[in-house]
1. Could you tell me the distance between the Cα centroids of the stretch 107-160 and the stretch 310-377, to the nearest Å?
2. Where nothing but the Cβ of Lys and Arg (+1) and of Asp and Glu (-1) is charged, how large is the charge dipole of the chain around its Cα centre, in debye to the nearest 20?
3. Looking at the stretch 96-158, which GluC sites (Glu not before Pro) are in a loop (DSSP not H, G, I, E or B) and have at most 10 other Cβ atoms within 10 Å?
4. Under a cut-off of 17 Å between alpha-carbon atoms, report the lysines in cross-link reach of residue 124, not counting same-chain residues fewer than 8 places apart.
5. Could you check how much of the accessible area of the stretch 144-237 is carbon and sulfur, as a whole percent, using a 1.4 Å probe?
6. Could you give the dipole magnitude of the stretch 391-463 about its Cα centre, charging the beta-carbon of Lys and Arg +1 and that of Asp and Glu -1, in debye to the nearest 20?
7. I want the antiparallel fraction of DSSP beta bridges within the chain, as a percent rounded to 5.
8. Under 20 Å Cα to Cα from residue 47, which aspartates and glutamates show up? Leave out anything in the same chain fewer than 8 places away.
Amino acid sequence: MNRKTLVLPAVIGLLAPVLAACGGSDSGSDGGDAIVVGTTDRFTATKDAPAPLDPAFAYDVGSWNILRQTVQTLMTMPKGDGDPVPEAAEKCGFTDSGNERYACTLRAGLTFASGKAVTAKDVKYSIDRAMAIKADSGVFALLSTVDTVETQGDREVIFHLKTADATFPFKLSTPVAGIVNPDDYAKSKLRDGFAVDGSGPYTLKANVKNDVIADVEFTKNPNYKGTLKVNNEKVELRSFEDADTMGTALDKGDIDVMTRTMSPEQITKLANASSGNVDLVELPGLEIRYLGFNTVAPSVKSKAVREAMAQIIDRSELVAKVYGSQAEPLYSMVPASITGHSNSFFNTYGDPNTVKAKAALTGANITTPVKLTLHYTTDHYGPATKREFEVLQKQLNDTGLFDVNIKGTPWETFRPAEQKGDYDVYGMGWFPDFPDADSYISPFLDKDNTIGSPYANNRIRNTLIPESRRESDRLAAADSVTNIQDIVAADVPLLPLWQGKQFVAARDDVTGTAYVVNSSSSLQLWELGRGVRG
């Protein structure tokens, strides 16, 4: 058959006819050998992060993609995205008009993979544990609006919130709200290593070498009860050091599916190929990339320095030179496809302008060239990251206003250093916790933010974020969200760069690829099966 790119629109109703035209993607069987999925995500236990897979600690897309297969949550994101739906719960909902009391009823007969019954007390234990441990990853902040958790009998759980939070159902679909067995997870200590036990669709066996996962074997959990249809008996998630090695494995037939992160060159090659037994699937994506600033560091403490960088950086050139049609310039931390998006940075700074940048620095009595080091991670966001920072370096240095060096560091070292404030300027990516503007705002700007930013704007934290969360109709939250974006553009604690598309490459006999990754880049391995593609 001809190799082709399957472009899957974000609108749920359009998915079915597009897939049907491509021969159908939901006709897989649940038999056969393990489906092998490749990823460049690395899973490492270190001194700074000895418990990478504990739901109370994990807060990166790779670790969450393991937890989502194994640890069940009360709510889950539906196939094709949309509002969250019950999963471990039979039903959930706000029971008051102010969005401050949220009640869930567990499914009858729910058990952990071990066979032990899951009760409301286990849900309370899991939520209370994550909030009490307060891991330095900052993931507990997703539960910041929870005041107390109450149980009634074995199946009723009631969340009493400190303030109205219409996004709370989304938060209950994230792994930090995963239900864990108190027998396996201590109340006040993280669970070190790579063992994971839950009530999700799979059980897990990790092959670990030198404190690094080489591959993870997911086996269908016979005790699973939930809304997810598991289309296979076994999936292996294999970790590769780089995209080229992963691509070679796909070509040789050693893996069946290639996920994040492929290189731009691989995507282009697959898209342009006219024959072969591999399909490239383009999926809706909400990934963003940005620069973060340690706003108390001497080199960037002056807002004028950050303004000048915002005035100089040419996002269109950056995207064209590094990512081509696989990304788009981003002028806000909230991407264009999310309700409430505003092009605040473009509205504030317009097109790149060296004269205006120089004026900002001169007006603040900043001596030029400003010496800076831009830090990036070498092994977490894909092979094009180094090239991206080379382009940023050239753009800034060519103005004569900056003297920029760049430095790449492996993620296991980069992430703890960034959180501790060791970097003045650093590059980060973000895959949303859930598809809502709040997930692009609160994790960076609220108290206990995930990047450890010292930037604190009282109006954002005390007024605008609570205002936006009160609105059940997310369109009604747009004014608050726009105001937040305008403040960020004015103060520049963060500098958005681009938003990306996402792609999956799969062999022709693998089905379910249309849904294997959702818009938040969450793996849904239960969607995969084997069948015949025509």
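1. Cα centres, the stretch 107-160 to the stretch 310-377: 41 Å.
2. Numbers: 55 positive and 68 negative charges, 80 e Å.
Its charge dipole is roughly 380 debye.
3. none
4. Excluding near neighbours in sequence, the set is 91, 116, 134, 162, 171, 187, 189.
5. 44
6. Computed charge dipole of the stretch 391-463: roughly 140 debye.
7. Values: 60 of 80 bridges.
Bridges in the chain that DSSP calls antiparallel: roughly 75 percent.
8. Cross-link targets: 60, 136, 192, 211, 379, 412, 418, 422.
The values are calculated or read from the model by the stated rules, or taken from the named source; none is laboratory data. Values in this document were obtained by computation on a predicted structure and should not be read as measured data. Virtual Cβ from ideal backbone geometry, glycine too; neighbours counted across all protein chains shown. For the accessible areas, the whole protein counts, side chains as well, though only heavy atoms, and no ligand, DNA or RNA atoms are used. Shrake-Rupley method; radii C 1.70, N 1.55, O 1.52, S 1.80 Å.
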